[in-house]
Amino acid sequence: MCNVEQAVEYIKKKNVKFIRFQFVDIHGTPKNIAFPVKEGNSGDEELYDVLSKGLYFDGSSIDGFVSIEGSDMMLKPDLSTLFVLPWRSAEKPAARIICDVCYPNGKPFEGDPRGCLKKMLDKFDEQLNGQYFVGPEPEFFVLKQDACGSWVPADNAGYFDLEPVDTGCDIRKKIVCALEDLGLHVEASHHEVAAGQHEVDFRFADAVKTADNVITFKTAIKTIASQNGLMATFMPKPFFGVNGSGMHCHQSIWLNNEPSFYDENAKYQLSGICMDYIGGILEHAKSIVAVTNPTVNSYKRMVPGYEAPANIAWANSNRSAIIRVPAPRGKGTRIEFRAPDPSCNPYLAFTVMLAAGLDGVKKKGGAPEPVEKNIFKMTEAQKKAEGIESVPASLKAALEELETNTILKDALGKHIYESFLEIKTAEWDSFRTAVTDWETANYLRL
């Protein structure tokens with residue numbers, strides 16, 4: 001849908017009874033207000049009005065938004081995101097429309113994560129006529145309850161297994177069908193390494209559409225699982241001793257409507273811009289992970305022994321480096337940043353990755369030589385000799401890196417930057433002062 005008339009026609013054709021005006025908080029958690037579609041001329045006028053002007057709401061109770069004395073805000077719908085929710089009742093269909101958050105006067109709200117990414121992209125477009133494309137690979141676990149009521153993996157299959165070992169085929173099929181009904185182009189689905197772990201890949205797109213798709217993806221998967229008596233989780237490391245869930249992000253920038261990462265005559269067939277972009281990501285990696293890996297649990301995934309991409313290096317095919325350049329060359333040349341996990345807010349994650357990469361392009365500093373050895377098998381001394389550092393080992397350490405990073409601070413904007421640090425510091429303090437089962441198991445008899 002490109003205009004209000006087309007949106008109204010779609011709503012009437014699909015007999016939609018409720019429209020969910022959706023947005024996200026600073027964590028990337030989807031929120032919504034349900035608008036009932038009424039019949040008759042007055043109902044048509046009201047529908048047209050809300051689709052063209054937006055919907056008012058109270059933003060004071062949303063994490064990272066506004067205080068109670070300035071709580072009036074508006075949801076401005078993006079009509080291109082209007083889709084009927086495939087899991088809702090056919091008798092009273094509901095549709096979803098993704099919104100930008102604004103002040104009552106229509107000015108974009110600086111604390112809106114979607115608006116933050118759009119602002120970064122507008123700046124990139126104005127300065128370099130640039131476009132940013134992202135293709136994420138979010139992994140997740142599907143769980144069932146055992147006899148004791150604990151959530152455990154719903155199957156015992158492994159990487160690329162199939163029926164009858166992989167009992168998750170049916171739930172993945174339902175997920176894929178739902179995602180396609182919501183406008184996502186699904187390219188593949190398969191079982192992942194750990195028991196109960198899965199991956200569904202969808203086609204890359206421009207950064208805003210891709211971030212929208214990540215939110216839609218997570219909502220659809222959680223809902224489909226719940227309707228089938230299961231639970232889907234995007235927690236980075238839900239179980240000790242097995243691989244965690246990542247969200248590797250394939251990305252490229254185009255300049256003047258042309259791909260910019262490929263150079264047939266360059267070393268590795270990677271352009272100077274691509275090497276500069278890689279250099280920027282590597283330079284800022286220690287700060288980036290505060291946003292792309294934003295939970296205490298994120299750093300339980302980033303440990304040796306589970307293919308965790310914590311090593312700050314790049315490679316052509318070596319998956320032990322934090323950046324990998326996949327084999328395709330030409331128009332499809334891209335880099336894969338392997339650190340992010342699916343607990344992140346995709347709008348903010350894409351913002352800081354682009355800001356870091358473009359800082360490298362601006363500096364024209366290039367990138368170090370690729371590391372094609374298996375870094376996972378290196379000792380700390382060997383990594384030091386090779387100049388390979390690691391990302392921070394905790395959320396606290398990552399936040400400290402972010403606090404000193406002016407490039408990422410500027411990209412996030414004062415409001416989001418300060419709110420994010422405040423909320424995440426409180427989260428770390430809550431964890432730091434909590435008494436865990438591990439502590440009581442080991443220290444209670446002291």
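The values are calculated or read from the model by the stated rules, or taken from the named source; none is laboratory data. Only a predicted model underlies this, so the values are computations on that prediction, with no experimental measurement involved. Using ideal geometry, Cβ is built from the backbone for each residue, glycine included, and neighbour counts are taken over all protein chains shown. Just the protein is used for accessible areas: all its heavy atoms, side chains included, with ligands, DNA and RNA removed. Shrake-Rupley method; radii C 1.70, N 1.55, O 1.52, S 1.80 Å.
General observations
- Placing unit charges on the Cβ atoms of the charged side chains and taking the dipole of the chain about its Cα centre, the candidate lying farthest along the positive direction among Tyr56, Ala178, Val371 is Val371.
- Helix 272-292 and the long axis of the chain differ in direction by around 80°, with both axes built from C-alpha atoms.
- Residue among Ala355, Ala188, Ala381 with the largest mean-square fluctuation in a Gaussian network model of the chain, springs linking Cα atoms under 10 Å: Ala381
- Contact order, relative form, for segment 166-222: 31 percent (alpha carbon pairs under 8 Å, 6 or more residues apart, mean separation divided by residue count).
- Across the protein chains, with a 1.4 Å probe defining accessible surface, the residues Lys173, Lys237, Lys31 rank Lys173, Lys31, Lys237 from largest area downward.
- Amide H to amide H distances under 5 Å link Phe83 with Arg96, where only residues 5 or more positions off or on other chains count and H is placed in the peptide plane.
- Measuring nothing but protein heavy atoms, the accessible surface of the chain at 1.4 Å probe radius is 51 percent carbon and sulfur.
- Within segment 407-446, trypsin sites (Lys or Arg not before Pro) in DSSP loop having at most 15 other beta-carbon neighbours inside 10 Å: Arg445
- Projected label distance in nm at Ser150 and Glu5, using a 7 Å step from Cα toward the beta-carbon: 6.2
- When the Gaussian network model of the chain links Cα atoms closer than 10 Å, the mean-square fluctuations of Ala397, Ala157, Ala266 top out at Ala266.
- Solvent-accessible area of Met235 with every protein chain in place, 1.4 Å probe, in Å² to the nearest 10: 80
- Look at the dipole of the chain built from charges on Cβ: of Ser317, Asn105, Leu354, the Cα furthest out on the positive end belongs to Ser317.
- Accessible heavy-atom area order of Glu403, Glu126, highest first, probe of 1.4 Å: Glu126, Glu403
- Inter-label distance, nm, simple model (7 Å from Cα along the C-beta direction), Tyr443/Glu163: 5.1
- Modelled label reach - Glu369, point 7 Å along Cα→Cβ, segment 248-286 residues with backbone N closer than 16 Å: 267-268
- Relative contact order for the chain, counting Cα pairs under 8 Å that sit 6 or more residues apart, in percent: 14
- Estimated inter-spin distance, Arg432 and Gln269, nm [label 7 Å along Cα→Cβ]: 4.9
- Of the whole protein surface, Leu162 contributes about 120 Å² of accessible area at a 1.4 Å probe radius.
- For Asp78, the solvent-accessible surface with a 1.4 Å probe is about 40 Å², rounded to the nearest 10.
- Between helix 113-128 and the chain: long-axis angle, C-alpha atoms, 0 to 90°, nearest 10: 70
- Applying a DSSP loop filter and a limit of 13 other Cβ atoms within 10 Å to the trypsin sites (Lys or Arg not before Pro) in segment 342-381 leaves Lys364.
- Cβ-Cβ FRET estimate between Asn316 and Glu386, R0 fixed at 22 Å, reported to 0.05: 0.85
- FRET E, pair Asp170, Phe240, Förster distance 25 Å, beta-carbon r, rounded to 0.05: 0.35
- Fully extended contour minus Cα-Cα distance, from Arg203 to Asp58, at 0.36 nm per residue: 48.7 nm
- Based on protein heavy atoms only, segment 4-109 ends up with 51 Å² per residue of surface accessible to a 1.4 Å probe.
- GNM top mover of Ala398, Ala308, Ala147 - the chain, alpha-carbon springs below 10 Å: Ala147
- Calculated accessible area for segment 118-413 comes out at 42 Å² per residue, all protein chains present (probe 1.4 Å; ligands, DNA, RNA ignored).
- About the centre of its Cα atoms, the chain shows a dipole size close to 380 debye [charges on the beta carbon of Lys, Arg (+1) and Asp, Glu (-1) only; nearest 20 debye].
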